[in-house]
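The values are calculated or read from the model by the stated rules, or taken from the named source; none is laboratory data. Note that the coordinates shown come from a computational prediction; the quantities given were computed from them, not determined experimentally. Cβ sites come from the backbone with ideal geometry, for glycine too, and all protein chains shown count toward neighbours. The protein model used for the area step is the full one, side chains on, heavy atoms only, and it has no ligands, DNA or RNA in it. Shrake-Rupley method; radii C 1.70, N 1.55, O 1.52, S 1.80 Å.
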Amino acid sequence: MTPAWILDVFAAIMLVVAAVSAARLVAARPWLRGAVITDTDISHLLVGIAMAGMLAPGLTTLPNGAWAVVFGVLTVWFGQRVVRDYQASGARALAVGHCAPHLVHSAAMLYMFLAITAPASSGGPGMAGMSGMSGMSTLSYPTLAFVFALILVGYTIWDLDQLSSLRHGLAAAVAGGAAPALAGAPAGTLGLKTVAGSVAGGGVAAGAPTGSGEAGHAGTAGGGRPGVMATAILDSPGTVVSCRIAMGVTMALMLFLMI
Amino acid sequence: MTDVAVAGNRTAWRGRLGTEPVAARPPLDARRALQLALASIWLLDGVLQYQGFMFTKGFNQILAGTADGNPAIIAKPITWDATLIDHHMVLLNAIFATIQLLLGLGIAFRPTARIALAASILWSLGVWWLGEGLGGVLNGAASPLNGAPGAVILYALLAVLLWPADREVPAPFAAARAVGTHVARALWAALWLSLAYFALTPANRAPQGASAMIAGMESGEPVWLQDLQKGAASLVANQGLATSVVLAVTLTLIALGVYLPAGVAKATQVLAIVVAALIWVFAEALGGILAGGATDVNSGPLLALLALAYWPQRTVPAAPAAMPVVSGQPLVSEGGA
């Protein structure tokens, strides 16, 4: 059986992903007018919690049925987003859009919660039923698990390549980003626009129209003051993609452990 | 990126400036694409290495078993390694899995691609010896149907051929860029001719050689895969010699294909991919992954990847030293796209 401490390490990584996503959601200050909440942050938060619960038997969250409903909704949501992206951009949307990998994540989670066969020793409902993931629980239709794992690994590698090729990681946000962003930003503000500008300073231009929703994040940084760097890191695309990479690897691991 | 915008009493989904840019990405050349495929396989291997079976005596027994039939100079280090792992099973296997995971991630991350490829060569050579007993090359157990000459040595070969340097520009195929056309062709021919040779060894041309090998992979596989394998096993039952001869001729044709004109070479590359796929599905049972306990994907996908690295191209321009990022191109808002 896979040692519990290894699963705990991956569970801890998932909790970090969930915490980062929660922080991003809080930083968006959804209680204010015009605040912006991203669907990926919501997805990361839920997936992070659910996976941590699957990996660490001590973490009891929701019953499997409830999680199945949650990820069913997310699958439908990202599914319709992928269809819209496909209609707008064609097949390229599957490779470069953010919705397709999230659709795979959500669908893989849904599959896991529906296909898992609880270990014989597990009597209770909920995530505790997966406490034997390191050796007792298995998945029905293992071929599907294999296919999901292959796609997850593929997206993970693709994300990592794109992350490094665009130089929009944490280093870009911290090293190359803060100063130019501050220089170009109106006094007292540092939001998504300026963070994106900082990425542009690192070599990638940003010119997309910015919605009014940006203001929700723009006010969160309190530019030029302590916390700017933390906010820049939090808002960095590298943070989002890093979370997705961590989730992809962990999810593939879970699928193989339960084949 | 899609957002929920909460404005007063209204909630709306809309796009905003994407934090995950979808445009202005550098072009992906053939060699980089192949590197990413190699990275994916390393990542898969790393994840597979965390499976519960790898932390049991069963895994160690497999390692120790590869010493059988090898010369003492090869076998003794294998036995020593297996004993060491037996004493520190959990720690060492966790390290092995993590190393392979990092190799995959390292190759995919451009700043570390070079060092990760170099490390993967060293790691592959070590595993080929201490983990696979040189793939059975010296003890007569090697067969193209069971992963000869050892799947892991193919990782090293790919890392060499996909090394991010340009010795020859323009090159006729991606694999020639780093080592030159002559060396790349020689490596290709040596690999596939060696497979042809292994196909004709006494054990493999025995009447039930191929059939028994295929049937031996059925255990624990899903029903659909078992059915495929049963069909294949019955097809070659008592046809060991004929199977070996057909396989050897096919593999020889593939080996020589890189020396033929581009049109014919493409046909032999397609043949190589088809053969690799057939081996992977029918003889290797998708690497045994679906049965649990597989340490890697086995040789099928790697042979196919190699074939793609030799796919004839008109010209393969030299890659710039550092991948430029297009400046001035607008990022596309994902939600708004």
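Exactly one residue among B:97, B:119 is closer than 15 Å to residue B:295 by Cα and modelled with pLDDT of 95 or more, and that residue is B:97.
This table checks each residue for (1) hydrophobic (A, V, I, L, M, F, W, C); (2) at pLDDT 70 or above; (3) surrounded by fewer than 22 Cβ atoms within 10 Å (Cβ to Cβ).
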position	(1), (2), (3)
A:122	no, no, yes
A:126	no, no, yes
A:132	no, no, yes
A:141	no, yes, yes
A:147	yes, yes, yes
A:160	yes, yes, no
A:171	yes, no, yes
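Is one or more of the residues making up the stretch A:102-113 more than 24 Å from residue A:1 (Cβ to Cβ), within 14 Å of chain B (Cβ to nearest Cβ) and of a type in the set (A, V, I, L, M, F, W, C)? Yes, the stretch A:102-113 has at least one match.
Under 21 Å from the mean Cα position of the chain (by Cα), of a type in the set (A, V, I, L, M, F, W, C) and either surrounded by fewer than 21 Cβ atoms within 10 Å (Cβ to Cβ) or part of a helix (DSSP H, G or I) (or both): does that describe residue B:241? Please lay out each step first, then the result.
On the way: under 21 Å from the mean Cα position of the chain (by Cα): no; of a type in the set (A, V, I, L, M, F, W, C): yes; either surrounded by fewer than 21 Cβ atoms within 10 Å (Cβ to Cβ) or part of a helix (DSSP H, G or I) (or both): yes.
So residue B:241 fails the test.
Of everything in the stretch B:251-290 that is outside any helix (DSSP H, G or I) and in contact (Cβ under 8 Å) with a residue 40 or more places away in the chain, the residue that is most open to solvent (accessible area, probe 1.4 Å) is B:259. Within the stretch A:64-96, the set of residues being aromatic (Phe, Trp, Tyr) and open to solvent by 30 Å² or more (accessible area, probe 1.4 Å) comprises A:77, A:86.
Evaluating residue B:136 against the criteria (1) within 30 Å of residue B:242 (Cβ to Cβ); (2) open to solvent by 60 Å² or more (accessible area, probe 1.4 Å) leaves one unmet condition, (2).
How many of the residues in the stretch A:229-244 are among the aliphatic types (A, V, I, L, M) and either buried (at least 24 other Cβ atoms within 10 Å of the Cβ) or facing another protein chain (nearest Cβ under 8 Å) (or both)?
As a first pass, look at the stretch A:229-244 and keep what is among the aliphatic types (A, V, I, L, M): A:229-230, A:232-234, A:240-241.
Checking which are either buried (at least 24 other Cβ atoms within 10 Å of the Cβ) or facing another protein chain (nearest Cβ under 8 Å) (or both) leaves us with A:232, A:240-241.
Residues in the stretch A:229-244 being among the aliphatic types (A, V, I, L, M) and either buried (at least 24 other Cβ atoms within 10 Å of the Cβ) or facing another protein chain (nearest Cβ under 8 Å) (or both): 3 in total.
Just one of (1) farther than 26 Å from residue B:110 by Cα; (2) assigned to a loop (DSSP other than H, G, I, E, B); (3) of a type in the set (Gly, Ala, Ser) fails for residue B:186. It is (2).
Can you tell me which residue is modelled with the lowest pLDDT among those in the stretch B:202-220 that are of a type in the set (S, T, N, Q) and open to solvent by 20 Å² or more (accessible area, probe 1.4 Å)? If we take residues in the stretch B:202-220 being of a type in the set (S, T, N, Q) and open to solvent by 20 Å² or more (accessible area, probe 1.4 Å), then B:219 is modelled with the lowest pLDDT.
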